[in-house]
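Novice: The structure under discussion is supplied below as structure tokens; questions concerning it will follow.
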Amino acid sequence: MAEITYLEAIREALFEEMERDPNVFCLGEDIGAYGGAFKVTEGLQAKFGDQRVIDTPISEAAIIGAAAGASHMGLRPVAELQFIDFISCGYDMLTNYVATARYRAFLPCPMVVRGPSGGYVRGGPFHSQNPEAAFLHTPGLKIVYPATASDAKGLMKAAIRDDDCVLFFEHKYLYRRVKDVMPDGDHVVPIGKARVAREGTDVSIITYAATVWKALEAAEQLQTEDGISVEVIDLRTLLPMDDDAIVATVKKTNRVMVVHEDTRTGGIAGEITARINETCFEWLDAPVLRVTAHDVPLPYSPPLEDFVLPQVSDIVTVARHLARY
Amino acid sequence: MEFPAHSLDLDAMLAAPPGADAALARAPRPHADKLDRAQRLALYRHMRMTRTLEERLVALYRQTKVIGGLFRSLGQEADAVGSAFALERRDIMSPLIRNMGSMLVKGATPLEILRQYMAKGNSPTRGRELNIHFGDLERGFVGQISHLGDMIPVMAGIALSFKMRGEDRVVLVYIGDGATSTGAFHEGVNFAAVQQVPLVVVVENNGYAYSTPTGRQTAANSFMDKALGYGIAGVQADGNDVLAVYDVTKAAVDRARAGSGPTLVELITYRRKGHAEHDNQSYVPTGEIEWWAAHNDPIDRFVAWLTTHDSVSADEFAEIDASVSREIDAATDEADLSPMPDALDALDGIYADPPTIAPHWYREGVRAAVDIHERPASWGTHDG
Ligand SMILES: Cc1ncc(C[n+]2csc(CCOP(=O)(O)OP(=O)(O)O)c2C)c(N)n1
Ligand SMILES: [Mg+2]
């Protein structure tokens with residue numbers, strides 16, 4: 001079977017789920033005939049019609065709010081944000097309405113909010129964001145952020161079938177860069193389960209999304225140049241977090257770093273570090289270290305973007321330090 | 001061939017013979033009539049500069065010297081230039097992605113724009129932001145962000161400051177047909193209306209928001225009609241007629257200056273290029289773009305007007321066009337030679353205090369994160 005890209009994998013999941021369940025529908029800006037800014041929904045409207053693939057006005061609060069209302073009634077909306085950066089325009093709706101609905105009013109929100117995220121693409125401060133940490137801090141939402149094409153498909157199917165709101169971050173740097181052969185059959189990847197992207201014994205790198213690939217590149221370099229054996233954990237789901245997978249790798253290598261593309265302060269690496277501290281401090285041979293973006297808006301010009309974002313060389317430097325510690 | 005225009009008024013306007021000179025001459029234009037020949041030639045030069053500079057940017061984009069997206073205003077030059085021309089230097093405006101012409105009127109230079117698009121270290125934002133996302137309060141423009149609608153409340157706030165301090169200054173904010181669907185647009189216009197601040201809201205109705213035609217963006221007949229709901233004045237004009245644009249905007253600016261509050265000005269125009277350079281416009285009905293190019297090009301129309309009413313000769317146009325090209329050539333050379341930013345500059349200016357943050361320890365050659373802090377001699381040996 002042929003390999004398909006991360007982007008095509010998401011599209012395939014949408015096709016299959018819309019075919020499987022008539023309650024599934026998509027809404028968003030320019031997603032219909034145009035197929036979306038990145039063409040994720042290309043062909044969907046031709047197949048399922050404009051009642052199930054709905055072009056909306058530029059109104060993110062309404063897109064998310066309407067998805068919530070429809071989801072209360074048993075529909076399963078998949079809302080696209082043209083860039084995930086615009087999720088901030090629906091922040092109130094997500095954090096106040098959607099996230100609390102089940103808890104406060106016993107109203108389920110089985111909906112997916114998805115969109116292209118992340119940097120390394122010279123997109124500047126408003127087309128490169130990684131806003132996942134803001135939502136990690138919001139009980140009631142689930143967050144997934146796949147790194148591989150296969151996970152992109154399997155997690156999208158799981159997200160659509162989930163009975164709560166899932167924020168589905170898609171890394172635009174990976175859209176057309178990574179490929180997989182899709183597993184046969186109904187390929188669903190469970191939400192809440194991490195993946196060992198590379199086995200190793202000396203140092204662990206816990207990461208997700210595009211930096212999984214940076215970590216794998218660093219791991220290869222560390223193996224050949226230093227003989228350091230690196231384990232890479234791809235979280236895949238950020239909320240709920242797979243504590244078992246985190247503890248397992250800590251116990252295995254005793255030296256851990258967390259890598260993410262988002263800024264450092266208040267980022268997810270801090271949360272992971274705290275969990276390690278609470279659950280398996282005694283297994284550590286070194287402090288947990290973070291490799292993250294610097295705490296500034298992501299600038300546009302290549303030398304600036306490259307400086308702000310974590311690079312393979314940073315991961316290598318920190319891994320060497322941990323291995324020697 | 002007739003194309004369904006996106007406004008009833010425009011239909012009427014387009015019923016005029018191609019070339020549209022009749023439509024141009026139709027309405028009385030008290031403000032535009034006060035412009036002199038030199039000012040009209042300045043309008044022409046700004047429009048020509050906008051178009052030629054964008055063509056240069058396309059060439060640079062194809063050479064991958066322009067990094068990131070490229071957004072054109074082809075066919076919308078009159079709306080950008082004519083409206084900004086109605087402002088005084090002390091007035092402040094906020095452009096949109098297709099308002100390079102407005103920026104030029106307000107004193108932005110081709111060199112700044114080229115450096116900005118090419119992500120140079122001496123660009124107005126020092127390489128931090130893209131395209132025409134930059135500002136200068138001295139010359140009276142505020143850099144926008146990408147999030148559509150957000151500039152309306154911000155500009156209402158600038159207008160509020162003028163009102164509070166009794167300053168004789170006016171604010172103009174641009175918004176696309178698509179961006180009127182945002183919550184921020186609604187809140188901002190309503191706020192400005194209630195506070196009666198000197199704000200002119202220019203809705204550029206260019207028929208599309210990315211791939212979405214105006215008819216899928218609003219169920220209202222026109223954007224002008226929305227003014228009624230906010231309790232402010234609303235007017236509509238042919239956005240491809242630079243003198244009409246100037247006239248209607250100048251009237252709104254004068255109203256604002258006189259303390260009569262906000263006006264919503266709807267300018268009818270047409271986006272002849274895709275949303276950005278990558279967009280192949282597959283969603284546009286066949287022939288529509290060609291129709292606008294052939295029959296309703298704002299520069300062609302103004303050339304015809306100037307030829308007839310100001311006796312501008314072909315030589316005079318050629319001389320202006322050549323001077324525009326010379327300016328762009330020189331600016332391109334200079335922008336090309338400009339350095340990229342210094343990486344460390346990325347950490348400067350996030351706060352007033354501290355003005356610069358430190359690079360992460362592994363970028364500085366520090367042996368370890370913990371070295372930066374005081375720590376016991378070795379792991380696990382501290383007392384207590
Ligand atoms: C809040 C928000 N949502 C979505 C976008 C993505 N986006 C950028 S431009 C655009 C279309 C804008 O159309 P319009 O307002 O008509 O302006 P035009 O491009 O026609 O000048 C969209 C959807 C955005 N920038 N901001
Ligand atoms: Mg538009």
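Novice: Checking residue A:234 against (1) of a type in the set (Asp, Glu); (2) farther than 17 Å from residue A:132 by Cβ; (3) away from every other protein chain (no Cβ under 14 Å), only one condition comes out false. Which one?
Specialist: If we test residue A:234 against (1) of a type in the set (Asp, Glu); (2) farther than 17 Å from residue A:132 by Cβ; (3) away from every other protein chain (no Cβ under 14 Å), just (2) comes out false.
Novice: Could you tell me which of the residues B:361, B:305 is farther than 30 Å from residue B:221 by Cα, among the aromatic types (Phe, Trp, Tyr), surrounded by 14 or more Cβ atoms within 10 Å (Cβ to Cβ) and without any contact (Cβ under 8 Å) to a residue 40 or more places away in the chain?
Specialist: B:361
Novice: Quick check, is residue A:54 within 14 Å of chain B (Cβ to nearest Cβ), buried (at least 18 other Cβ atoms within 10 Å of the Cβ), farther than 30 Å from residue A:308 by Cβ and more than 20 Å from the chain's Cα centre (by Cα)? Please lay out each step first, then the result.
Specialist: Working: within 14 Å of chain B (Cβ to nearest Cβ): yes; buried (at least 18 other Cβ atoms within 10 Å of the Cβ): yes; farther than 30 Å from residue A:308 by Cβ: yes; more than 20 Å from the chain's Cα centre (by Cα): yes.
Spelling it out, residue A:54 is indeed within 14 Å of chain B (Cβ to nearest Cβ), buried (at least 18 other Cβ atoms within 10 Å of the Cβ), farther than 30 Å from residue A:308 by Cβ and more than 20 Å from the chain's Cα centre (by Cα).
Novice: Please list, ordered by first then second residue, the pairs with beta carbon atoms under 6 Å, 6 or more apart or interchain, first in region B:208-232 and at pLDDT 95 or above and more than 9 Å from ligand 2 (Cβ to nearest atom), second of a type in the set (Lys, Arg) and assigned to a loop (DSSP other than H, G, I, E, B).
Specialist: Cβ pairs passing all conditions: none.
Novice: Give region B:211-228 a look and list any residue that's small (Gly, Ala, Ser), within 14 Å of ligand 1 (Cβ to nearest atom) and over 18 Å from residue A:60 (Cα atoms), or say none.
Specialist: B:215
Novice: Across region B:131-158, which residue is farthest from ligand 1 (Cβ to nearest atom) among those that are in a loop (DSSP other than H, G, I, E, B) and among the aliphatic types (A, V, I, L, M)?
Specialist: Once the filter is applied, the top-ranked residue is B:137.
Novice: Restricting attention to region A:26-41, does a residue exist that is at pLDDT 95 or above, acidic (Asp, Glu) and over 14 Å from residue B:211 (Cα atoms)?
Specialist: No, the conditions are met nowhere in region A:26-41.
Novice: Collect the residues in region A:57-87 that are more than 13 Å from chain B (Cβ to nearest Cβ) and either among the acidic types (Asp, Glu) or farther than 30 Å from residue A:125 by Cα (or both), keeping them in residue-number order.
Specialist: A:69, A:70, A:71, A:72, A:73, A:74, A:75, A:76
Novice: Related question: For residue A:322, only one of the following conditions fails: (1) more than 10 Å from every other protein chain (Cβ to nearest Cβ); (2) out of contact with any Gly (no Cβ under 9 Å at 6 or more places or on another chain). What is its number?
Specialist: (1)
Novice: In addition: Does residue A:24 qualify as being β-branched (Val, Ile, Thr), buried (at least 21 other Cβ atoms within 10 Å of the Cβ), more than 16 Å from ligand 2 (Cβ to nearest atom) and more than 14 Å from chain B (Cβ to nearest Cβ)?
Specialist: Considered against the rule, which asks whether it is β-branched (Val, Ile, Thr), buried (at least 21 other Cβ atoms within 10 Å of the Cβ), more than 16 Å from ligand 2 (Cβ to nearest atom) and more than 14 Å from chain B (Cβ to nearest Cβ), residue A:24 comes out as yes.
Novice: Could you please find all residues in region B:112-149 being of a type in the set (Ser, Thr, Tyr) and more than 9 Å from every other protein chain (Cβ to nearest Cβ)?
Specialist: Matches in region B:112-149: B:117 only.
Novice: Same structure, new question: Go through region A:1-63 and tell me which strands (runs of 3 or more DSSP E), entirely inside it, have 1 or more residues that are farther than 26 Å from residue B:278 by Cβ.
Specialist: Ranges flagged: A:24-28.
Novice: Kindly indicate the residue of region B:159-208 that is over 20 Å from the mean Cα position of the chain (by Cα), surrounded by fewer than 24 Cβ atoms within 10 Å (Cβ to Cβ) and outside any helix (DSSP H, G or I) and also nearest to ligand 1 (Cβ to nearest atom) among those meeting that condition.
Specialist: Taking the candidates together, the pick is B:196.
The values are calculated or read from the model by the stated rules, or taken from the named source; none is laboratory data. Just so it is clear, the model here is predicted, and its values are computed rather than measured. Every residue, glycine as well, gets a Cβ built from its backbone with ideal geometry; the counts of neighbours run over all protein chains shown.
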